[in-house]
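Student: Once you've had a glance at the structure underneath, I'll fire off some questions.
The values are calculated or read from the model by the stated rules, or taken from the named source; none is laboratory data. Remember, predicted model here, so these are calculated numbers, not experimental data. FYI the Cβ positions are ideal-geometry reconstructions off the backbone, even for glycines, and counts take in every protein chain you see. We work out accessible area using only protein heavy atoms, side chains counted, and drop any ligands, DNA or RNA first. Shrake-Rupley method; radii C 1.70, N 1.55, O 1.52, S 1.80 Å.
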Amino acid sequence: MNEEQSSRPWHSLEIEEIYQALDTSIAGLSDAEAEKRLKENGSNELIVKKGRTVFQMLWEQFKDPMILILIAASILSFILDQLLEGIVILIIITLNAIISIIQEKKAESSLEALKNMTTTYAIALRQGEESHVKARDLVVGDIIMLEDGMKVPADVRLIDSSSLKIQESSLTGESVAAEKDANDKLSITTLLGDRTNMAYSSTFVTYGRGFGVVVETAMKTEVGKIAGLMDKQEDLDTPIKRKLASVGKILTCFGIIICIIIFIIGCIYKQPLVPLIMTAISLAISVIPEGLPATATIVLALGVQRMAKKGAIIRKLPAVETLGSATIICTDKTGTLTINQMTVTHMAANGDLVDAKYREVKEATEWSKLYSEIIFAGALCNNSEFDPDNKGKILGDPTEGALIMLARDFGYDHDELENQFPRLFEQPFDSIRKRMTTVHQIDNNYIAYTKGGIDEVLKECNRIITTEGIREITEKDIESIRKISDDLAQNALRVLSFAKKELVSIPNDEDDVESNLIFIGLVGMIDPPREEVKLSIKSCHKAGIRTAMITGDHQITAIAIAKELGIFHDGDTVCNGYELEEMSDEELQIIAATTTVYARVSPEHKLRIVNALKSNGEVVAMTGDGVNDAPALKASDIGIAMGISGTDVAKEASDMILTDDDFTNIVDAVEGGRRVYKNIQKVIQFLLAGNISEILTILIAVIFNLPAPLLAAHILWVNLATDTLPALALGVDPAEKNIMKQKPIKSNSLFEKDLIFRVILQGIFISIAVFIAFIIGYKDDLASGQGMAFCTIAFSQLFYSFSQRSNSETMFSKEFFKNKYLIMATLLSTFFMVALLFIPSIRAAFELSSINGNEWLIILGLSIIPTILVEILKLFKRIKKRSK
């Protein structure tokens, strides 16, 4: 079989065409031919791409501009015999690389999970006889059997079917089992969810039987295509990575420019080459916020711990910040917005319509008996059952499962009903009659119960049960029944009707038991929305986050659920899979801006939608639980899987898992993510203001042809020992009260509009104070000047760390002591500084002299001035805001 054959639209071909194309027949393949094809085309297994090696990850680290600058600075330090600086820089590079590689080694095992979905054995015709064949050994052209409870082992074009229903929710997103008919003639454009003559790998047979020809195996199956789509999405950046990379590029360019300027100025002044190079190294180090990657990682990790307590497990650290930046949540319907369980919500008898959950039925009245007849008919004319190991789970068709759940809700035990009223005869459901009938012995009578579609049952009824008893059915009765059925259908409910008939004896296969029936009533069922989701979607709306439903279900059902949950509003756009097929990516980008419901979509469509939204500048969060959601989960900025109902594939493709399938936890996670985002911004503002002050201090000294006020070792100490602890404490600062009323930030930069201005201004304040301290100390000698500059820059950053908690509110507010970690961090950093300055051996290593009492007063006075200036600016800002 060549590539052209493998890409054929099998659902639109006649069976004889398929036999000819695949060189097979109704008798199946011979053992020799099957073995030959297996060798040629490989096993019916999914191919798993190998992950990146540690060396590949390490190479990625060395391509980072900030790391390259540090490596160059380290090499130059060793060349110039500055061992302390060289060793410390190497330690920094090593630590950053280790942290990053550990994160990346959390290998994605999505494809392995998909691979494990194949069944162990299949029933195939080989040599014209039934054989149990390992699913991995199936080949194209094999004829295989499908039976109730079986997982479909490959993509199959059905040859024959009998009452066949297949649960395809994990592939298509549709909660109702799909009815299959081998004789259906389909067009080439028929979408995946409507291909009734096909059975697809990884789906489950819930009812009936069938057999067909294997047309695709392994990676060419629909689930294999999903694996391929996921494979292409493996190396996506997250917003936090892009933003930190942006910071690195900006600082690198800035540092190179400043280094060139300083080198030119030094040459003009004819400064010695070695001191000039060491000044350049000091400058290069001052440009790099060495503590930023590690601090950001720790802040994200702490965010992970907080979210885990609220039912959200973060699998990848950057997902914490990403969710806080989300501008749109794309959500699957089945199992995410709904409970993923067909549920009877309405019952109608005698022209009335009641809520099925209404328990206070008027006992001992005729009215109550009418509804009891519906419950009995639904429970007895039924082939599903409760899982003996899990009474909350249904084995069998989900629609029939809803009926035995209904019986249980009204106090009837399904097993007891079947034992009390044993089944004596069954006329199974088929796609032509669209009815099912069972006969039971009840009170020494033989009663036939029939269920099916409203039209199929009504046309066989000539009587109806009412509160007055059984009477002839009238046109008015039929009109009333149809109106109720139409109203339910318009609200996306699936309608089943029931009838009964008393027999004189147990029938045989030739008897007509589905004529002259007595109409009992009907039920409406749906996979209902989760009640708690409504408030969550409302909260997301207030937070400036759009919600869009992307589902494989039908458009009417999708719109009904979307309206009820508050996702779809007047003026919003609806798009279905057939329309998507005709759209270009550019057209999809345009409609994606207003579309809130995507219905009848395939996995490829979901992926296109996510990519279109990302092209529009959206930060996309995608929720889901099925195999069909996996590619979109992986392609989105953050994939969120359901922990209980989610498939292994969805979980492994995700960045975050909701342990209790509660959509409402997303709101808490968004708040947590925004808190992390804001705190990372505080950290960046704090660290970069310090770095700017270091750069400006050195630049001013070079301009005035003075020695460097700070050595490379001093800058490294400040950046790592003094700044890192307060930065970490700012990273766990409590969230602002109105954080969920702010709009999400769409920019790919961590710099908000005023952040650059604040960083530069605060850096200027500190650098002026540091340079003044240097000049005062330099009057005595260079070591004194450098010592006073070193102490001033260290203590000024400790003081102004408290001012970084808010860019508008004063640091002296009543919440000053709320962040106890910041107070502890400041005290510990102060202890490190005191130890360095008062232990002679350490002080000597840093080329510092002792500081006297007057110098300490000057240092502390100058250190607090930048903080006072920042607080004055905040005051003016508040006054200006109140005056508007």
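Student: Just for the chain, what percent of DSSP beta bridges are antiparallel, to the closest 5?
Tutor: 75
Student: Taking 45 Å as R0, compute the FRET efficiency from the Cβ-Cβ separation of Glu456 and Thr573 and round it to 0.05.
Tutor: Calculated transfer efficiency: 0.80.
Student: To continue, here is another question. What net charge is computed for the residues neighbouring Phe498, neighbours being all others with C-beta under 13 Å from the C-beta of Phe498, Lys and Arg scored +1, Asp and Glu -1?
Tutor: Result for the neighbourhood of Phe498: -1.
Student: Give me the extension gain from Asp352 to Phe831: residue separation times 0.36 nm, minus the current Cα-Cα distance, reported in nm with one decimal.
Tutor: Extra length from Asp352 to Phe831 when fully extended: 164.5 nm.
Student: Please work out how much length the chain gains when fully extended from Ile79 to Ser841, using 0.36 nm per residue of separation minus the C-alpha to C-alpha distance, in nm with one decimal.
Tutor: 271.9 nm
Student: Need one word for segment 582-733: rounded, prolate or oblate. Basis is the Cα gyration tensor (sqrt eigenvalues a ≥ b ≥ c); a/c below 1.5 gives rounded, then a/b vs b/c decides.
Tutor: Taking the square roots of the gyration eigenvalues as a ≥ b ≥ c, segment 582-733 is prolate.
Student: What FRET efficiency do you get for Asp409 and Ser246 if R0 is 45 Å and r is their Cβ-Cβ distance, rounded to the nearest 0.05?
Tutor: 0.20
Student: Report Arg209's accessible area, 1.4 Å probe, all protein chains in place, as a number in Å² to the nearest 10.
Tutor: Counting only protein heavy atoms, Arg209 exposes about 120 Å² to solvent.
Student: Answer rounded, prolate or oblate for segment 678-740, using the Cα gyration tensor with square roots of eigenvalues a ≥ b ≥ c: rounded when a/c is under 1.5, else prolate when a/b is larger than b/c, else oblate.
Tutor: The shape class here is oblate.
Student: Which pairs in the list Lys249/Lys310; Lys483/Lys563; Lys249/Lys614; Lys434/Lys476; Lys333/Lys737; Lys225/Lys249 are over 26 Å apart, alpha-carbon to alpha-carbon?
Tutor: As for pairs spanning more than 26 Å Cα to Cα, those are Lys249/Lys310; Lys333/Lys737; Lys225/Lys249.
Student: Need the full-extension length gain, Glu479 to Asp23, defined as separation in residues times 0.36 nm minus the C-alpha distance. One decimal, nm.
Tutor: In short, 158.8 nm is gained.
Student: What is segment 817-875 by shape, rounded, prolate or oblate, if you read a ≥ b ≥ c off the alpha carbon gyration tensor as root eigenvalues and call it rounded for a/c under 1.5, prolate for a/b larger than b/c, and oblate otherwise?
Tutor: Oblate is the answer for segment 817-875, as a/c is 1.5 or above yet b/c matches or exceeds a/b.
Student: Stokes-Einstein diffusion coefficient for the chain at 4 °C in a medium of 1.567 mPa s, Rh from the Kirkwood formula over Cα pairs: what value in µm²/s?
Tutor: 41
Student: Okay, next question. Just the Cα atoms of segment 775-884: what Rg and Dmax do they give in Å?
Tutor: 17.0, 58
Student: If ligands, DNA and RNA are left out, what is the accessible area of Phe831 with a 1.4 Å probe, given in Å² to the nearest 10?
Tutor: That residue has around 130 Å² of solvent-accessible surface.
Student: Please name whichever of Ala562, Val523, Gly617 sits farthest to the positive end of the charge dipole of segment 488-632, dipole taken about the Cα centre and charges placed at Cβ: Lys and Arg +1, Asp and Glu -1.
Tutor: Gly617
Student: If you add up the charges near Cys381, with Lys and Arg at +1 and Asp and Glu at -1, over every other residue whose beta carbon is less than 10 angstrom from its beta carbon, what do you get?
Tutor: Here the count lands on +2.
Student: What is the dipole size for the chain, taken about its Cα centre, with +1 at each Lys and Arg Cβ and -1 at each Asp and Glu Cβ, in debye to the nearest 20?
Tutor: 5640
Student: Per DSSP H run of at least 4 residues, take -39500 (n - 2.57); add these up for the chain, divide by its residues and hand me the 222 nm value, nearest 500 deg cm²/dmol.
Tutor: -15500 deg cm²/dmol
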